[in-house]
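See structure below.
Where a number appears in this text, it was derived from the coordinates with a stated rule and is not lab data. Please read all numbers here as calculations on a predicted model, not as lab measurements. Quick reminder, even Gly has a Cβ in these numbers, built from the backbone with ideal geometry, and neighbours come from all protein chains shown.
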Amino acid sequence: MIALVGFTRQSLLTMVQSVELLLDDRLDAAVRREWRQVSGTGIRGQDAVRQVSNRPHITLAVAQHIDPETDLELQRGLLAPALQVTLGGLVVFGGHRKTLAHLVVPTAGLLSLQRTVFRLMRHSEGIPAHTHPGDWTPHVTLARRVLPEQIGTAICAVSATHLTGHAVSIRRWDGEAKREWLIA
């Protein structure tokens with residue numbers, strides 16, 4: 001199954017701070033294989049992003065700004081996850097340019113973790129509505145900025161099978177400073 005979900009371009013351009021769930025080595029490698037499969041079609045997959053910090057992840061929350069006090073609350077309030085992760089069907093987000101991603105099958109543990117992160121970040125500036133509990137769509141990105149006429153090719157390039165593994169840690173990403181650090 002493939003779902004189409006719309007959101008505004010502006011909401012993507014202003015999100016520079018995030019809290020993300022990282023995947024175990026086996027699931028990380030499986031997603032990276034799919035990145036390369038998309039790139040093998042001539043479409044820019046996530047593997048084209050060359051920063052060392054570029055890795056498969058599930059974004060739990062985003063904001064335009066996260067202050068130092070909130071960072072401390074995140075570090076004190078979160079434990080390393082012990083969550084099974086299943087990547088299910090594909091989803092296409094966006095307007096003119098598309099994002100192709102695997103949906104993450106939501107579990108009670110994942111939804112609880114996302115609610116906790118949201119609660120800890122609730123006073124941060126610029127939290128978009130689509131990341132609020134109940135409106136959040138857990139996913140792992142495979143390709144961004146895909147032209148509408150390329151999306152079918154990108155979809156056909158990736159595996160139709162579900163991928164399973166575990167979440168192993170939580171990181172903070174500062175997109176403005178291009179810096180990451182583990183918080184749990």
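Counting other beta carbons within 10 Å of each Cβ, put His123, His102 in order, fewest first. Please list the in-between numbers first.
Numbers: His123 12, His102 25.
By the 10 Å Cβ count, ascending, the order reads His123, His102.
Given R₀ = 25 Å, FRET efficiency for Arg179-Asp135 by Cβ-Cβ distance, to 0.05? Numbers along the way, then the final one.
Numbers: r = 28 Å, r/R0 = 1.12.
Efficiency, from the Cβ-Cβ distance: 0.35.
Calculate how steeply helix 25-39 sits against the longest principal axis of the alpha-carbon atoms of the chain, using the helix alpha-carbon long axis, and give the answer as 0 to 90 degrees to the nearest 10.
40 degrees
How far is the Cα center of the stretch 81-138 from the Cα center of the stretch 13-64, in Å?
14 Å
Kindly provide the pair-distance distribution of the chain built from C-alpha pairs, with 5 Å bins from 0 and whole-percent values in order of increasing distance.
Going out from 0 Å in 5 Å bins, the chain shows 1, 8, 17, 21, 22, 17, 9, 3, 1, 0 percent.
Tell me what the chain gives for mean residue ellipticity at 222 nm when only DSSP H runs of n ≥ 4 count, each as -39,500 (n - 2.57), the sum divided by the residue total, rounded to 500 deg cm²/dmol. Provide the component values of the computation, followed by the final result.
Numbers: 5 runs with 51 residues, N = 184.
For the chain, the value works out to -8000 deg cm²/dmol.
In nanometres, what is the gap between the two model label sites at Thr164 and Glu69, each 7 Å from Cα along Cα-to-Cβ?
The modelled label-to-label distance comes out at 4.4 nm.
How long is the gain from Arg76 to Thr41 if the chain were fully straight, where each residue apart is worth 0.36 nm and the alpha carbon distance is subtracted?
Values: separation 35, 0.36 × 35 = 12.60 nm, distance 4.39 nm.
Full-extension gain reported as 8.2 nm.
Between Leu110, Leu142, Leu72, which gets the highest mean-square fluctuation from a Gaussian network model of the chain, Cα cutoff 10 Å?
Leu72
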